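One structure is given below, encoded as structure tokens.
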């Protein structure tokens, strides 16, 4: 197993997306890149700690590669938007790839260069930084948030469209148990 850590806006969105991918064993929502040990959600939201909301992804490289993790990352958020994703505004929502090895560092640089050429006219503002201490969110409700709150407005209007986009672009990478559920949700929302 390998670990990837990415920050692309609200960790609830990123967690829901990566949880659905073949080869992903675990996704943990948390914080990284700041200067406070074990920050709370409130501290991070108040921009008191310097942390970014991020997800730590444990994956099987035989089933999904680090480059595929990054390709999905570029499509899962707007990497040209500085410190903002939709209505989520603040430095905690910045776009960052935190690499855990020199191989990941080189792949992240290459992936960013490819994404800029293929997908974005505006400059990508995503930072590529060495991983620091990752702190899982202390409040239990942050883990598996989407699955536990699918009827909430944020899930319906912010998270579900991102999930649907990734399903449409990377359908062959979606775990079978999520393909049926998501197809049903898309059908219900269009009725």
- Out of 91, 100, 80, 65, sole residue that is in contact with a strand residue (DSSP E or B) (Cβ under 6 Å, 6 or more places away or on another chain) and surrounded by fewer than 19 Cβ atoms within 10 Å (Cβ to Cβ): 100
- Message: Suppose we filter the stretch 18-33 for residues that are in a loop (DSSP other than H, G, I, E, B) and crowded, with 21+ Cβ neighbours inside 10 Å; how many remain?
- Response: 2
- Message: For the stretch 150-168: of the residues being under 13 Å from residue 14 (Cα atoms) and in contact with a strand residue (DSSP E or B) (Cβ under 9 Å, 6 or more places away or on another chain), which is surrounded by the most Cβ atoms within 10 Å (Cβ to Cβ)?
- Response: 166
- Item | Leading residue by the ranking (nearest to the chain's Cα centre (by Cα)) among those in the stretch 35-77 that are without any contact (Cβ under 8 Å) to a residue 24 or more places away in the chain and assigned to a loop (DSSP other than H, G, I, E, B) | 65
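Each reported figure results from applying straightforward, stated rules to the coordinates on display, with no laboratory input. These numbers come from a predicted model, not from an experiment. Every residue, glycine among them, receives a Cβ derived from its backbone with ideal geometry; neighbour counts consider all protein chains shown.
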